[in-house]
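First the structure, in the form of structure tokens, and then the observations on it.
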Amino acid sequence: MSMLDIWLGILQGFRVTASVTLYGLVFAIPFGLVFGVAQYLTTGLARVIVTAVIEFWRSSAVIILLFVFYYAMPVIGVTLPAMAVGAMVLGLNVGGYASQAVRAGLQALDRGQKEAGQALGLSRQAILLRIELPQALVAMSPTFINLVIQLVKATSLVSLITLTDMTFRAKEIAQIAYEPVPIYLSLLLAYFVACYPIALVGRWLERRVNPAREARHGL
Amino acid sequence: MQDTSQDLAVEITALHKWYGAFHVLQEISLSVQRGARIVICGPSGSGKSTLIRCLNGLETYQRGTVRLDGIRLGDDARQTTLARRRTGMVFQSFNLFPHLTVLANCTLALRRVAGMARHEAESLAYHHLDKVRIPDQARKYPAQLSGGQQQRVAIARALCLNPHLMLFDEPTSALDPEMIKEVLEVMTGLAQDGMTMICVTHEMGFAREVADEVVFMDQGRIVEQAAPSTFFATPSHPRARTFLNTLLH
């Protein structure tokens, strides 16, 4: 089997890898934002509940969660498509990490920012949306890019719940032709090719979303 | 009773505040007439910043009352918000929003709180930036300005909401000496326009020139309250005398 055939074979799984990533983000972004903000704003029992939900998704082993939702849940009558399970488990796991970046970004802001908003008579919601979140999200943008890259790589686990992603394709090819070196090298390269542009876009985005810092450097 | 309190911009009665066991404010009573200029001074840790922050609800208090234009600040969040909208505050560290341009710093509350349209808010912002003499910096970000310019933007931002009362919490303490002057000039101009002002400051020249009354605090209490001429010439309290000596020599 030629190197090109191996490549093309692996790339047939790119669609699934990309889909799991994108659907995963559909879970990760709202979860990270809502739970990060909630952990920042709540106190007492509400905070305990928010923290428990975050910790469940953040501290559980992804591979085991995949098995639980795909293989164990049908036993109690809950059957979900593999794509839904993959996107949800990977997305909420990464979302759990993201929530901590959101919270850390909010907590790191100078207290004076919130106070200046209060002194101007802004509502708590306006302070959060107009003053705190824009600054926190920009400060944390390198971390978010990290997490997206982490998510792309973690999608290789969905090959274990029957999804035909790039990793699944590589293993299929490996069963046809015993050529582990070119196959797995190609797979490695495939993930790199998928992730590196994200890093580049991320860097570009960081410059775009931070006009204040750019302006300062321009002095 | 009702009539006299209507003339007062601020009325503080028997105010007490504790941080845990630490009694930061003790039996503070102070009335500020509309149009009055009050300077609060005192050694660090005397509670002067805490006091001024109680006047717009940035700090809570445990006993006593604070009224602004007759509105009681305290438990009711809506009342507090109402009072805040009549009050402008300028902080020691400026607290401009670094992610917004100078213009957007000024228009944010106009649009979100006063519900103004963009062009209307912007022309009002330009009016106040003009007053603090930096209209040409409107499109820049705070980090591109000097400290003195940033503090003048902070003053303009507070003025945009047309406050009845301006609170200054050590507005020049974070500034280099050559920038202090430009900020004090803006503040003096504001006083000449008849703004009610309460300033926590160590700028005794400003106090002498602008204040109607100097309030001296020590260890959480108001220990002396007098016209500047009296306060500087013949301070009656020994703590005030030592304070003035260390400051003037």
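The values are calculated or read from the model by the stated rules, or taken from the named source; none is laboratory data. None of the values given here were measured: they were computed from a predicted structure. When we count neighbours, we look across all protein chains shown, and the Cβ atoms used for this are built from the backbone with ideal geometry, even at glycine. Surface accessibility is based on the protein's heavy atoms, side chains included, excluding ligands, DNA and RNA. Shrake-Rupley method; radii C 1.70, N 1.55, O 1.52, S 1.80 Å.
In terms of modelled amide H atoms, which long-range or inter-chain residues lie less than 5 Å from the amide H of B:Arg63?
For B:Arg63, the qualifying residues are B:His16.
What is the calculated FRET efficiency for A:Ser60 to B:Arg72, with r their C-beta to C-beta distance and R₀ = 60 Å, to the nearest 0.05?
Efficiency for this residue pair is about 0.75.
Only Cα pairs under 8 Å and at least 6 apart count here; give the relative contact order of chain B as a rounded whole percent.
25 percent
Looking at the square roots a ≥ b ≥ c of the eigenvalues of the Cα gyration tensor of the range A:3-209, which shape do they give, rounded for a/c under 1.5, prolate if a/b is larger than b/c, or oblate?
In terms of gyration-tensor shape, oblate.
Per residue, how much accessible surface does chain A expose to a 1.4 Å probe? Answer in Å², no decimals.
51 Å²
Set the Förster radius R0 to 41 Å, insert the Cβ-Cβ distance between B:Thr234 and B:His119 as r into 1/(1 + (r/R0)^6), and round the FRET efficiency to 0.05.
0.15
Can you give the net charge of the other residues whose Cβ lies under 11 Å from the Cβ of A:Leu41, counting K and R as +1 and D and E as -1?
+2
Please list 3J(HN,Hα) in residue order for the range A:122-127, calculated via the Karplus relation 6.51 cos²θ - 1.76 cosθ + 1.60 where θ = phi - 60°; whole Hz, with x for glycine and proline.
Each residue of the range A:122-127 in turn: 6, 6, 4, 5, 5, 4 Hz.
If I take every Cα pair under 8 Å that is 6 or more residues apart in the range B:168-224, average their sequence separation and divide by the length, what percent do I get for the relative contact order?
For the range B:168-224, the relative contact order is 36 percent.
Multiply the residue gap between A:Arg203 and A:Arg111 by 0.36 nm, knock off their C-alpha separation, and tell me the result in nm, one decimal place.
30.3 nm
Under the Karplus relation 6.51 cos²θ - 1.76 cosθ + 1.60, θ = phi - 60°, what is the ordered set of whole-Hz ³J(HN,Hα) values for the range B:182-195, x standing for Gly and Pro?
Result, ordered by residue: 5, 6, 5, 4, 4, 5, 5, x, 5, 4, 5, 6, x, 5 Hz.
Could you state the orientation-averaged shadow area of the convex hull built on the Cα atoms of the protein assembly as shown, in nm² to one decimal?
30.1 nm²
Where the centre of each part is set by its Cα atoms, how far does the range B:165-183 sit from the range A:162-182, in angstrom?
Here the two parts' Cα centres lie 69 Å apart.
Given a Förster distance of 22 Å, report the FRET efficiency between A:Ala177 and A:Arg15 from their Cβ-Cβ distance, rounded to the nearest 0.05.
Step by step, r from the Cβ atoms, then E = 0.45.
Could you go through the range B:78-92 in sequence order and give the Karplus-derived ³J(HN,Hα) for each residue, using 6.51 cos²θ - 1.76 cosθ + 1.60 with θ = phi - 60°, rounded to whole Hz, and x for Gly and Pro?
Computed from phi, the couplings for the range B:78-92 are 5, 4, 4, 4, 4, 5, 4, 5, 9, 10, x, 10, 10, 9, 4 Hz.
Calculate the dipole size of the range A:3-209 relative to its Cα centre from +1 charges on Lys and Arg beta carbons and -1 charges on Asp and Glu beta carbons; express the result in debye to the nearest 20.
520 debye
Once you've got the GNM for chain A with C-alpha springs shorter than 10 Å, pick whichever of A:Ile63, A:Ile29, A:Ile127 has the biggest mean-square fluctuation.
Maximum among the listed residues: A:Ile127.
Could you give the spread of the C-alpha atoms of the range B:1-157 along their three principal axes, from largest to smallest, in whole angstroms?
Principal extents (largest minus smallest coordinate, Cα): 46, 36, 27 Å.
In whole percent, what relative contact order does chain A give with Cα contacts below 8 Å and a gap of six or more residues?
RCO, chain A: 31 percent.
Treating only the Cβ of Lys, Arg, Asp and Glu as charged (+1, +1, -1, -1), what charge dipole size does the protein assembly as shown show about its Cα centre? Round to the nearest 20 debye.
580 debye
When we measure straight from the Cα of B:Lys48, which lysines land under 22 angstrom away, once same-chain ones fewer than 8 places off are left out?
Once the sequence-local lysines are set aside, what remains near B:Lys48 is A:Lys114, B:Lys17.
Using modelled backbone amide H atoms (1.01 Å from N, in-plane), which distant-in-sequence or interchain residues come within less than 5 Å of B:Met116's amide H?
B:Arg111
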